[in-house]
Amino acid sequence: MLQKIILACVVFIVILVALTFGETLFHQVFAWISYLSGLVIQNFTDVYTLASAYVHVHPMRVLIALVLTIPVSLWIIRNKGAGLERKASPRKIAIVLAIFLGWLGGHRFYLGQIGWGIVYLVLFYVFTPLVVVLSLIDAIRYAFMSDEEFTPGHV
């Protein structure tokens, strides 16, 4: 059930990005990267403020993305439902977490490396670009490991 909810969230984000793509995707992405690398987010209310500002400026995009998420998610679940039930390898999950939540140390927490996860959080607070680069290096490192080489406690 959790996998289906995650799938619906991913579909929502993909649809929202696709709706934004026509107008200002590259501008938004470059502005976001510039924001992350140029400033240190003082607290997580900044993320909430940015998200609410986006919803305030583009309410129709968010509404259309929500409306399209339901049928697309149902279609994917109906056609690929059996494939969603099989368990993903911890290495692949760690790669995805390193790419999308690596700047918060999400992949390190997932792998049970709590100390390193806290180090990533501190680095994120002190110097954001460094932790973004480190998490991408971790993702690349995990991608070139085999499932046999990858042991969650020793990576």
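Any read-out appearing in this document is the output of simple, stated calculations on the displayed coordinates, not a laboratory observation. All values derive from a computational prediction rather than experimental measurement. As a convention, Cβ positions derive from the backbone with ideal geometry for all residues, glycine included, and neighbour counts pool all protein chains shown.
The Phe127 and Leu101 beta-carbon pair, evaluated with R₀ = 22 Å, returns a calculated FRET efficiency of approximately 0.80. Backbone phi angles across the range 132-142, fed through the Karplus curve with coefficients 6.51, -1.76 and 1.60 (θ = phi - 60°), yield HN-Hα couplings of 5, 5, 4, 5, 5, 5, 4, 4, 5, 4, 5 Hz in residue order; Gly and Pro are listed as x. The per residue volume of the convex hull around the alpha-carbon atoms of the range 90-143 is 51 Å³. The phi-based Karplus calculation (6.51 cos²θ - 1.76 cosθ + 1.60; θ = phi - 60°) puts the 3J(HN,Hα) values of the range 54-61 at 5, 5, 5, 7, 10, x, 5, 4 Hz, whole numbers, x for Gly and Pro.
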